[in-house]
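J.: Please find one structure pasted underneath; my questions will follow.
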Ligand SMILES: NC(=O)c1ccc[n+]([C@@H]2O[C@H](COP(=O)([O-])OP(=O)(O)OC[C@H]3O[C@@H](n4cnc5c(N)ncnc54)[C@H](O)[C@@H]3O)[C@@H](O)[C@H]2O)c1
Ligand SMILES: [Zn+2]
């Protein structure tokens, strides 16, 4: 038996933000990030709508990118004081993910972060509050997913919390919020969405319910991401839907080792002054992982189907896989994303020598490989790598060398 879970309601299209007027409750806690929602007027509008619904509103502001365990604990404390019956999280994946984890801690104040990270081990929520998510980036799809990614900065590791309990009750997918994204954010979040769709399609947990969502998302992202990056706002609006479809697929079909590797490398070199941004990490690792996974016959066939839907040509599955890899690398070039960690600059753009020194990478390689294998996303990958294979794969992602094993 398998389970397919999505939010109870999904409001989409321009102006969908107004749905907040219809929520029923007494107190809403609005969780936002560093300021973009305020700057562009969306936060004021959301607060006004919630007040129109008769609710008392309190803000939890300043949730950082790649949110920390500390932030989650502070937010839960604020919720325990204010006692909201609605949590409204607005912004990129970071504030929405943080608010999901705060929600768990608010409902169960004694729960530890370690307990939260037990896959599909979250106790029943919604005894105190319901959850509404409003994305302003077009990538993570956390507004429809059963996941939240929280970083433990002491360990330098991103931990996925995974349980359908944290799938939001309401998702508001209003493309207006994504129109203010700077180019770099469009590129990274867009390739995150592409990775979600491709990993979901080849995941061992794929099914008839998730396949059409994944395939349609891939077709849309192929068509719309580059124009969106180059300023076409109709394409930008489409990307907001496409990423949400990809999220609906992967929340139910799960992901694979591109995400395991992105989670375990993202903050691993933070002491060298930068992060490897989630979407950029995925964009760099995806072509390498496709080459690795394609040694599995079922996965190879499925990559072939993806290539067919993308009209990439190719006479057999080997050619189709090669063309898919070539196409994705071409997308990275057009989006100004490097192909490997060695050339990943502190500003995320391609450069001769990136911010991760080779000796530091090699000295941490073994631990990162072990952690990546232990990541919650590894179990549904079509091929289970050994530690040695994972190390080799990560090396290919550092040097941009061919995957031939
Ligand atoms: N929960 C999931 O299922 C899931 C899936 C993939 C990734 N993630 C996680 O999500 C996080 C990344 O989220 P993200 O890529 O959405 O970025 P983000 O939330 O970290 O935001 C990045 C930056 O973009 C700004 N920003 C957001 N929306 C904007 C807008 N419309 N206009 C201008 N600026 C805007 C933010 O203020 C921030 O500075 C990572 O921690 C990643 O691990 C979660
Ligand atoms: Zn992702």
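Every number here is computed from the coordinates shown, using simple stated rules; none is lab data. In this text the structure is predicted, and so the values were computed from the model without any measurement. Every residue, glycine among them, receives a Cβ derived from its backbone with ideal geometry; neighbour counts consider all protein chains shown.
J.: Before rounding to the nearest 500, sum -39500 (n - 2.57) across all DSSP H runs of length at least 4 in the chain and divide by the residue total; then give [θ] at 222 nm in deg cm²/dmol.
T.: Values: 14 runs with 194 residues, N = 405.
Value at 222 nm, helices only: -15500 deg cm²/dmol.
J.: Please say if the range 282-405 is rounded, prolate or oblate, where rounded means a/c under 1.5 for a ≥ b ≥ c the square roots of the C-alpha gyration tensor eigenvalues, and otherwise the choice is prolate for a/b larger than b/c and oblate otherwise?
T.: Working: a/c = 2.38, a/b = 1.29, b/c = 1.85.
Oblate.
J.: Now a separate question. Rg(Cα) of the range 110-224 divided by 2.2 N^0.38 Å? Present the calculation step by step, with values, prior to reporting the outcome.
T.: Numbers: Rg = 15.8 Å, N = 115, 2.2 N^0.38 = 13.4 Å.
Working it through for the range 110-224, the quotient is 1.18.
J.: Please compute the Kirkwood hydrodynamic radius over the range 17-78, one decimal place, Å, based on all pairs of different Cα atoms. Could you put the intermediate results ahead of the total?
T.: Numbers: mean 1/r = 0.0806 Å⁻¹.
Mean inverse Cα-Cα distance, inverted, gives 12.4 Å.
J.: Another one. How high is the relative contact order of the chain? Use alpha-carbon pairs under 8 Å, at least six apart in sequence, and give a whole percent. Could the numbers behind the result be given before it?
T.: Working: 858 pairs, mean separation 57.2, N = 405.
The normalised contact order for the chain reaches 14 percent.
J.: Considering just Cα atoms, how many Å³ per residue does the convex hull of the range 9-178 enclose? If you can, show how the numbers build up before the last one.
T.: Values: hull volume 16.3 nm³, N = 170.
Roughly 96 Å³ of hull volume per residue.
J.: Separate question: Need one number: convex hull volume per residue for the range 187-399, Cα atoms only, in Å³. Walk me through the intermediate numbers first.
T.: On the way: hull volume 22.6 nm³, N = 213.
Measuring per residue, one finds 106 Å³ for the Cα hull of the range 187-399.
J.: Order these peptides, 324-332, 155-163, by their mean beta-carbon neighbour count within 10 angstrom, highest first. Can you show the working numbers first?
T.: On the way: 324-332: 17.4, 155-163: 20.1.
Per-residue Cβ counts within 10 Å, averaged per peptide and sorted highest first, yield 155-163, 324-332.
J.: Another question, if that's okay. Can you tell me, using C-alpha contacts under 8 Å and at least 6 residues apart, the relative contact order of the range 9-178 as a whole percent? Can you show the working numbers first?
T.: Values: 370 pairs, mean separation 46.8, N = 170.
Value for the range 9-178: 28 percent.
J.: Let me ask something else. Would you mind ranking 404, 66 by Cβ crowding within 10 Å, fewest neighbours first?
T.: 404, 66
J.: Modelling each spin label as a point 7 Å along the Cα-to-Cβ direction, I'd like the residue 401/residue 179 distance in nm, to one decimal.
T.: So the label points at residue 401 and residue 179 sit 4.9 nm apart.
J.: Expressed as a whole number of Å, what is the distance separating the alpha-carbon centroids of the range 341-405 and the range 102-139?
T.: 30
J.: If one takes the longest principal axis of the Cα atoms in the chain, at what angle in degrees, from 0 to 90 and to the nearest 10, does the Cα axis of helix 358-374 lie?
T.: In the chain, helix 358-374 runs at an angle near 70 degrees to the longest axis.
J.: Hey, what's the per residue convex hull volume over the C-alpha atoms of the chain, in cubic angstrom? Don't jump to the answer; show the numbers that get you there.
T.: Working: hull volume 50.0 nm³, N = 405.
Looking at the chain, the number lands at 123 Å³ per residue.
J.: On average over all directions, what projected area in square nanometres does the range 278-355 have, based on the convex hull of its Cα atoms?
T.: Details: hull surface 21.4 nm².
Its Cα hull, projected and averaged over all orientations, spans 5.4 nm².
J.: Follow-up question, since we're still on this one. So for the range 9-178: antiparallel DSSP bridges make up what percent, rounded to the nearest 5?
T.: Details: 6 of 28 bridges.
In the range 9-178, DSSP labels about 20 percent of beta bridges as antiparallel.
J.: Could you tell me the distance between the Cα centroids of the range 226-284 and the range 179-195, to the nearest Å?
T.: 7
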